[in-house]
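Chemist: Take a look at the following structure, please.
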Amino acid sequence: MEQDSLPTEIILSHSHETLERVILEGHPQPGSYLELAGKTYTILERRHRYQLRDGRYQLHTIVLSVQASPRPDEKSWVNGRWILGDATCRFHAGSELVRCAVSPLGPCHGCRFYEPATGQS
């Protein structure tokens with residue numbers, strides 16, 4: 001079996017739920033996006049599982065840990081990079097993976113914990 005056509009297990013990172021087992025083209029890497037069943041996911045981690053065959057370990061399966069990608073309106077451009085969530089909120093994490101300390105999974109729109117960040121009106 002060629003490395004380009006290895007079985008890939010897609011796992012949702014926060015619940016450890018297996019979303020799908022597929023054969024993907026190419027070499028998906030952390031930080032890239034993956035579309036499954038009409039939803040977009042961000043790849044957080046890539047792991048390899050090996051199997052002993054004929055006295056040698058061979059790459060057997062690829063495991064991708066993913067999280068659901070936010071809608072474009074749930075991102076903010078801050079200091080030359082995209083962060084997740086509303087940058088005008090006091091609690092935003094300034095991270096590409098976590099929205100904030102109060103509600104890390106969001107959504108930001110309509111959040112009851114919203115407070116303007118210092119210097120924001």
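Chemist: Does Tyr33 satisfy the condition of being among the hydroxyl-bearing types (Ser, Thr, Tyr), without any contact (Cβ under 8 Å) to a residue 40 or more places away in the chain and either closer than 30 Å to Glu115 by Cα or touching a His at 6+ places or on another chain (Cβ under 7 Å) (or both)? Break it down into steps so the answer makes sense when it comes.
Modeler: Numbers: among the hydroxyl-bearing types (Ser, Thr, Tyr): yes; without any contact (Cβ under 8 Å) to a residue 40 or more places away in the chain: yes; either closer than 30 Å to Glu115 by Cα or touching a His at 6+ places or on another chain (Cβ under 7 Å) (or both): no.
Criteria not met by Tyr33.
Chemist: Scan the range 28-56 residue by residue and report those that are farther than 15 Å from Ala68 by Cα, assigned to a loop (DSSP other than H, G, I, E, B) and in contact with a Leu (Cβ under 7 Å, 6 or more places away or on another chain).
Modeler: First pass over the range 28-56, keeping only residues farther than 15 Å from Ala68 by Cα: 28-29, 46-56.
Narrowing further to those that are assigned to a loop (DSSP other than H, G, I, E, B): 28-29, 54-55.
Selection gives Pro28 alone.
Chemist: Let me ask another. Does the range 43-52 contain any residue that is farther than 25 Å from Ser15 by Cα, in the same structural domain as His16 (by TED's automatic domain parsing) and touching a His at 6+ places or on another chain (Cβ under 9 Å)? So that I can check it myself, show each step before the final result.
Modeler: Just the residues of the range 43-52 that are farther than 25 Å from Ser15 by Cα, to begin with: 51-52.
When the remaining residues are screened for being in the same structural domain as His16 (by TED's automatic domain parsing), the result is 51-52.
Still in the running and touching a His at 6+ places or on another chain (Cβ under 9 Å): 51.
Yes, the range 43-52 has at least one match.
Chemist: Give all pairs with beta carbons closer than 7 Å in which a residue from the range 73-95 that is charged (D, E, K, R) meets a residue that is part of a strand (DSSP E or B); count only pairs at least 6 apart in sequence or on separate chains.
Modeler: Qualifying pairs under 7 Å: Glu74/Leu84; Lys75/Trp82; Lys75/Ile83; Lys75/Leu84; Asp86/Ser76; Asp86/His92; Arg90/Pro116.
Chemist: Pairs under 7 Å by beta carbon, first residue assigned to a loop (DSSP other than H, G, I, E, B) in the range 15-27, partner among the polar types (S, T, N, Q), six or more apart or different chains?
Modeler: Final answer for the pair search is Leu24/Thr8.
Chemist: Something else about it: So the check is Cβ under 6 Å with 6+ separation or different chains; which pairs have a first residue in the range 101-113 that's at pLDDT below 75 and part of a loop (DSSP other than H, G, I, E, B) and a second one that's surrounded by 15 or more Cβ atoms within 10 Å (Cβ to Cβ) and among the basic types (Lys, Arg)?
Modeler: Gly106/Arg99
Chemist: Restricting attention to the range 90-114, which residues are surrounded by 15 or more Cβ atoms within 10 Å (Cβ to Cβ) and hydroxyl-bearing (Ser, Thr, Tyr)?
Modeler: Across the range 90-114, the qualifying residues are Ser103, Tyr114.
Chemist: I want to confirm something. Restricting to the range 18-46 and keeping residues that are modelled with pLDDT of 90 or more and charged (D, E, K, R), which single residue is surrounded by the most Cβ atoms within 10 Å (Cβ to Cβ)?
Modeler: Across the range 18-46, the extreme among qualifying residues is Arg46.
Chemist: Name the residue, out of Gly94, Gly119, that is modelled with pLDDT under 75 and of a type in the set (Gly, Ala, Ser).
Modeler: Among Gly94, Gly119, only Gly119 is modelled with pLDDT under 75 and of a type in the set (Gly, Ala, Ser).
The values are calculated or read from the model by the stated rules, or taken from the named source; none is laboratory data. Note that the structure is predicted; figures quoted are calculated from it, not measured. Glycine gets a Cβ as well: all are built from the backbone with ideal geometry, and neighbour counts include every protein chain shown.
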